[in-house]
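Contents: one structure, followed by commentary.
The values are calculated or read from the model by the stated rules, or taken from the named source; none is laboratory data. None of the values given here were measured: they were computed from a predicted structure. Please note: Cβ atoms are built from the backbone with ideal geometry, for glycine as well, and neighbour counts cover all protein chains shown. Note: areas computed on protein heavy atoms with side chains; ligands, DNA, RNA excluded. Shrake-Rupley method; radii C 1.70, N 1.55, O 1.52, S 1.80 Å.
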Amino acid sequence: MIELEQARLRLEELGLQQAALLLDAHLEAASHGQPTYLSFLNMLLDAEIAERQKRNMEVRTKLAHLPYRKTLEEFDFAFQPSIDERLIRELATMIFVTRHENVLFLGPPGVGKSHLAVALAVEAISQGISVYFVSLSHLIEDLRKAYAENRLDKRIRIYIRPKLLVIDEIGYLPFDSLAANLFFQVVSARYERGSILLTSNKSFGEWGELMGDPILATAILDRLLHHSHIVNIRGNSYRLREKMRTGAYGSPSTT
């Protein structure tokens with residue numbers, strides 16, 4: 001027992017907390033299975049590595065500010081045949097991030113744009129890629145406040161630092177001139193230096209009106225589209241489908 005406690009203390013001193021916690025259980029299993037010394041050591045180290053990877057994933061997910069957790073496995077590609085699943089799987093390899101390319105999901109509300117954005121963000125985090133997720137309204141509100149307090153340069157670095165910046169829900173609210181300029185600064189600062197993944201319910205032809213400045217909208221799109229993957233989703237709303245399944249949303253009655 002003294003040797004067991006000494007071993008446990010040594011593991012804790014080395015920062016191998018999970019290995020120390022599981023030492024008794026692995027010793028008990030080893031007494032029945034009679035593994036080699038190396039096999040026993042590897043089992044302890046595997047448990048420690050797995051726990052550290054889990055904690056790192058949790059920390060990176062928290063820092064990414066994801067609104068919820070969704071995966072590609074949960075996405076119903078059969079319901080949205082306009083989406084090229086092979087392209088989405090290729091994007092999940094994160095090669096586009098290493099190339100500083102952008103991804104743009106376009107389509108009406110409810111077709112799965114945000115789900116795909118979150119799922120790719122989760123995949124990026126699992127591969128050790130830094131991610132920051134923000135809705136456009138929150139991004140503009142945050143930078144507008146920083147601008148008023150004369151600390152815009154410092155605050156905008158928050159959106160430049162991650163390798164993948166996800167901007168959700170572009171098109172639901174119109175831009176004023178300051179908002180359009182702030183958005184341009186973010187896009188311009190990340191151009192060919194970091195990837196942007198965004199979702200929008202507006203076609204590119206509508207961005208000039210959305211931003212109230214066709215010239216600035218063109219400058220933004222020029223940078224976003226130069227190295228990009230565009231996924232135009234033309235399909236039905238998942239939310240309406242679920243409501244119809246439950247009977248909460250029926251077909252219009254005829255008279």
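Restricting the search to the range 200-218, which residues are of a type in the set (S, T, N, Q) and outside any helix (DSSP H, G or I)?
Once the filter is applied, which keeps residues that are of a type in the set (S, T, N, Q) and outside any helix (DSSP H, G or I), the range 200-218 yields Ser200, Asn201, Ser203.
Quick one: Phe40 ticks every box in (1) touching a helix residue (DSSP H, G or I) at 6+ places or on another chain (Cβ under 7 Å); (2) more than 29 Å from Leu225 (Cβ to Cβ); (3) exposed (fewer than 15 other Cβ atoms within 10 Å of the Cβ) except a single one, so which number is it?
(3)
What is the one condition in (1) closer than 30 Å to Gly194 by Cβ; (2) touching a residue at least 60 places away in the same chain (Cβ under 8 Å); (3) more than 17 Å from the chain's Cα centre (by Cα) that Asp76 does not satisfy?
Of everything listed in (1) closer than 30 Å to Gly194 by Cβ; (2) touching a residue at least 60 places away in the same chain (Cβ under 8 Å); (3) more than 17 Å from the chain's Cα centre (by Cα), Asp76 misses just condition (1).
Please go through the range 43-70 and pick out each residue that is part of a loop (DSSP other than H, G, I, E, B) and open to solvent by less than 70 Å² (accessible area, probe 1.4 Å).
Within the range 43-70, just Leu66 meets the criteria.
What number of residues within the range 1-37 are assigned to a loop (DSSP other than H, G, I, E, B), open to solvent by 40 Å² or more (accessible area, probe 1.4 Å) and within 23 Å of Arg55 (Cβ to Cβ)?
1
Which condition number does Glu192 fail, the rest of (1) farther than 21 Å from Val134 by Cα; (2) assigned to a loop (DSSP other than H, G, I, E, B); (3) open to solvent by 60 Å² or more (accessible area, probe 1.4 Å); (4) not β-branched (Val, Ile, Thr) being met?
Only one criterion is unmet by Glu192, namely (1).
When you go through Arg223, Arg144, Arg155 one by one, which is the residue that is under 18 Å from Ser130 (Cβ atoms), in contact with a helix residue (DSSP H, G or I) (Cβ under 8 Å, 6 or more places away or on another chain) and assigned to a helix (DSSP H, G or I)?
Details: Arg223 fails: under 18 Å from Ser130 (Cβ atoms); Arg144 fails: under 18 Å from Ser130 (Cβ atoms).
Going through Arg223, Arg144, Arg155 in turn, the sole match is Arg155.
In the range 202-249, how many residues are modelled with pLDDT under 95, among the small types (Gly, Ala, Ser) and open to solvent by less than 50 Å² (accessible area, probe 1.4 Å)?
The number of residues fulfilling the criteria is 2.
Report, ordered by the first and then the second residue, all pairs with beta carbons closer than 8 Å, sequence separation of six or more or different chains, a first member in the range 163-191 that is farther than 17 Å from Ala64 by Cβ, and a second member that is buried (at least 21 other Cβ atoms within 10 Å of the Cβ) and among the polar types (S, T, N, Q).
Listed by first residue and then by second, the contacts come to Ile170/Thr199; Ile170/Ser200; Gly171/Ser200.
Would you tally the residues in the range 1-57 being of a type in the set (Val, Ile, Thr) and either touching a Cys at 6+ places or on another chain (Cβ under 9 Å) or closer than 27 Å to Gln127 by Cβ (or both)? Outline the logic, then answer.
Taking the range 1-57 and keeping what is of a type in the set (Val, Ile, Thr), we get 2, 36, 49.
If we keep only those that are either touching a Cys at 6+ places or on another chain (Cβ under 9 Å) or closer than 27 Å to Gln127 by Cβ (or both) too, we end up with 49.
Matching residues across the range 1-57 total 1.
May I ask you to list the residues in the range 100-141 that are part of a loop (DSSP other than H, G, I, E, B), farther than 21 Å from Glu58 by Cα and either in contact with a Lys or Arg (Cβ under 9 Å, 6 or more places away or on another chain) or open to solvent by 20 Å² or more (accessible area, probe 1.4 Å) (or both)?
Answer for the range 100-141, where residues must be part of a loop (DSSP other than H, G, I, E, B), farther than 21 Å from Glu58 by Cα and either in contact with a Lys or Arg (Cβ under 9 Å, 6 or more places away or on another chain) or open to solvent by 20 Å² or more (accessible area, probe 1.4 Å) (or both): His100, Glu101, Gly107, Pro108, Pro109, Gly110, Val111.
Across the range 71-86, which residue is nearest to Leu136 (Cα to Cα) among those that are part of a helix (DSSP H, G or I) and among the aliphatic types (A, V, I, L, M)? Lay out the reasoning, then the answer.
First pass over the range 71-86, keeping only residues part of a helix (DSSP H, G or I): 72-74, 77-79, 85-86.
Add one more test, that the residue is among the aliphatic types (A, V, I, L, M), and what stays is 72, 78.
Numbers: Leu72: 23, Ala78: 29 Å.
Once the filter is applied, the top-ranked residue is Leu72.
Looking at this structure, is Arg89 part of a helix (DSSP H, G or I), free of Cβ contacts under 8 Å to residues at least 24 places away in the same chain and within 30 Å of His226 (Cβ to Cβ)? Can you show your working first?
Details: part of a helix (DSSP H, G or I): yes; free of Cβ contacts under 8 Å to residues at least 24 places away in the same chain: yes; within 30 Å of His226 (Cβ to Cβ): yes.
Considered against the rule, which asks whether it is part of a helix (DSSP H, G or I), free of Cβ contacts under 8 Å to residues at least 24 places away in the same chain and within 30 Å of His226 (Cβ to Cβ), Arg89 comes out as yes.
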